[in-house]
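Everything on this sheet refers to the single structure shown next.
The values are calculated or read from the model by the stated rules, or taken from the named source; none is laboratory data. Everything numeric in this text was worked out from a predicted model, so none of it was measured. Every residue, glycine among them, receives a Cβ derived from its backbone with ideal geometry; neighbour counts consider all protein chains shown.
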2 protein chains.
Amino acid sequence: MQINLANTRLFRGMEPSDIEEMLGCLRAKEHAFQKGKIIFPEGVATEQIGVVLSGRVIIEMGDVWGNNSVLSSIGPGGVFAEAYACVPGEPLMVNVTAAEDTRALLLNIRRVLEPCANVCPRHVRLVRNLLTLCSEKNLQLSRRVLHTGPKSIRKRLLSYFSECIKRTGSYSFDIPYNRQQLADYLSVERSALSNELSLMQRDGLIRYEKNHFDVMEQIDG
Amino acid sequence: MQINLANTRLFRGMEPSDIEEMLGCLRAKEHAFQKGKIIFPEGVATEQIGVVLSGRVIIEMGDVWGNNSVLSSIGPGGVFAEAYACVPGEPLMVNVTAAEDTRALLLNIRRVLEPCANVCPRHVRLVRNLLTLCSEKNLQLSRRVLHTGPKSIRKRLLSYFSECIKRTGSYSFDIPYNRQQLADYLSVERSALSNELSLMQRDGLIRYEKNHFDVMEQIDG
DNA sequence: GCCTCCGTGTTGGTATGCCAACGGACTTTC
DNA sequence: GAAAGTCCGTTGGCATACCAACACGGAGGC
């Protein structure tokens, strides 16, 4: 199975022929990693950005006492290590490892940013994509920080619902998570989340069924 | 009082004369905002990146029920709205307003990214700075999410301490926060934080005095 | 039909954090 | 040197979330 690079966040909006030509200009190299192999080790900086072609990459973090935890998992088309590559000299706080046998494209950030000898307009698009990618992740993280800020489950839910309402422009919307995923996103227990949803429905704040929610447009008191 | 742009994150590493020339090329405009004026309103997208020259800008968020809260505050030299400007069409979730009478430089993101007619090597540096800026903010937010993930104060502290140890390479380090700031960073109560620090010291996990901490290198059990 | 699996809601006991209030140490100001 | 402000630690009562366990219903396999 082969990824179409034009569908990835990093190369979107570019013609396949352009991409092909560009990969040479960038000296992009395809690498294969056996399951369990470390792609980028913690503690050292990297100038490489990775794009998963097949398989799966996991980002995991260990504290100084040896406790490991998985922070995220990146499948085909996904980009990894871009934030570290874009901060010169910044050592990784995480290990990037292959969860399965994995093939990945590695790009040197300097080749991405440096203007190539034959002025190459595609670079502009690539850099813009990279910047957009970083900024999107930025906004995602900001929202997560925002919604996990309140201390009660109800306030976290209302914070999240407020975003949904603003995004969709409607007090009636679907959410892309099941209960467990929503609980993880808001950093609360699934059962406590279910319970709080019930209470909010009992209190007349919301109505819901599965992933569809109606939030009452209440007059504040 | 006037900011030296060469000291800002966005223009660092560039010669003042280069910056001056570049501002013209970018069609950068200096704007003045009276205290309380909205610089970028919520709900609409912006193509402008702001750099605070004097005064202060606040980022505030209101939910759909009218509750406002300040998310951050940006002083001279600071950059704002860059994440939104770099995601085409993304409407702001926040209001950007002038906390005081404020002067700010506004740059159009498209002029930053599009190659200028007279091939301008300074653009490369500017774009790299912008990318570094976004990526640094990215890593900062990731760390915050990481440290506020655990549910107990002790685990949050240990998570934070683990990062400090890795960063400094030593189990003895200073932190850049006072108690209130650390509590805000970890999303806990100051008094509860103080209490937990006491208990951890009693339990022999750490020793501390003011902002200096010694974490015991314990053999795991 | 029966079975299992998975997602969801419900409940009660326990642990933990929040909150408000206070006291001590230190600094700044006049 | 007195007074006020700031930062930090301590305590007790209260609120809330966690945790484990169980019940229910639908989807899918056989």
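Look through B:GLU15, B:GLU60 and report the one residue that is under 30 Å from A:LEU158 (Cβ atoms) and modelled with pLDDT under 95. So that I can check it myself, show each step before the final result.
On the way: B:GLU15 fails: under 30 Å from A:LEU158 (Cβ atoms).
B:GLU60 is the lone residue from the list that is under 30 Å from A:LEU158 (Cβ atoms) and modelled with pLDDT under 95.
For region B:150-186, which residues satisfy the criterion of being over 23 Å from A:GLY62 (Cβ atoms) and in contact (Cβ under 8 Å) with a residue 24 or more places away in the chain?
Within region B:150-186, B:ASP174, B:PRO176, B:TYR177, B:ASN178 meet the criteria.
Report whether or not B:SER187 is within 12 Å of DNA strand C (Cβ to nearest atom) and facing chain A (nearest Cβ under 7 Å).
Judged against the criteria, B:SER187 is a match.
Scan region B:79-92 residue by residue and report those that are assigned to a helix (DSSP H, G or I) and small (Gly, Ala, Ser).
Quick first cut of region B:79-92, residues assigned to a helix (DSSP H, G or I) only: B:82-85.
Once the filter is applied, which keeps residues that are assigned to a helix (DSSP H, G or I) and small (Gly, Ala, Ser), region B:79-92 yields B:ALA83, B:ALA85.
Looking at region B:27-37, is at least one residue within 13 Å of another protein chain (Cβ to nearest Cβ) and aromatic (Phe, Trp, Tyr)?
no
Listed here are the residues, each with its yes/no results for (1) assigned to a strand (DSSP E or B); (2) without any contact (Cβ under 8 Å) to a residue 24 or more places away in the chain; (3) within 26 Å of B:PRO91 (Cα to Cα).
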site: B:LEU10; (1), (2), (3): no, no, yes
site: B:GLU20; (1), (2), (3): no, yes, no
site: B:GLU42; (1), (2), (3): no, no, yes
site: B:ILE49; (1), (2), (3): yes, no, yes
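Can you give me the number of residues within region A:137-155 that are outside any loop (DSSP other than H, G, I, E, B) and within 21 Å of the chain's Cα centre (by Cα)?
Of the residues in region A:137-155, 11 are outside any loop (DSSP other than H, G, I, E, B) and within 21 Å of the chain's Cα centre (by Cα).
Against the conditions (1) part of a helix (DSSP H, G or I); (2) touching a helix residue (DSSP H, G or I) at 6+ places or on another chain (Cβ under 6 Å); (3) within 10 Å of another protein chain (Cβ to nearest Cβ), where does A:ARG122 fall short? Just the number, please.
(3) is the only condition that A:ARG122 fails.
Take the residues of region B:62-78 that are outside any strand (DSSP E or B) and within 30 Å of B:ASN4 (Cα to Cα): which is farthest from the other protein chains (Cβ to nearest Cβ)?
Per the criteria, the residue is B:PRO76.
Go through (1) out of contact with any Phe, Trp or Tyr (no Cβ under 8 Å at 6 or more places or on another chain); (2) more than 14 Å from DNA strand C (Cβ to nearest atom); (3) closer than 29 Å to A:VAL188 by Cβ; (4) among the β-branched types (Val, Ile, Thr) and name the single condition B:ILE175 misses.
Condition not satisfied by B:ILE175: (1).
Give just the number: which of (1) within 11 Å of another protein chain (Cβ to nearest Cβ); (2) more than 10 Å from DNA strand C (Cβ to nearest atom); (3) surrounded by 15 or more Cβ atoms within 10 Å (Cβ to Cβ); (4) not polar (S, T, N, Q) does A:PRO150 not satisfy?
Checking A:PRO150 against (1) within 11 Å of another protein chain (Cβ to nearest Cβ); (2) more than 10 Å from DNA strand C (Cβ to nearest atom); (3) surrounded by 15 or more Cβ atoms within 10 Å (Cβ to Cβ); (4) not polar (S, T, N, Q), the one that fails is (2).
Every residue in region B:198-216 that is under 19 Å from B:HIS147 (Cβ atoms), more than 14 Å from every other protein chain (Cβ to nearest Cβ) and more than 12 Å from DNA strand C (Cβ to nearest atom), please.
Within region B:198-216, B:TYR208, B:ASN211 meet the criteria.
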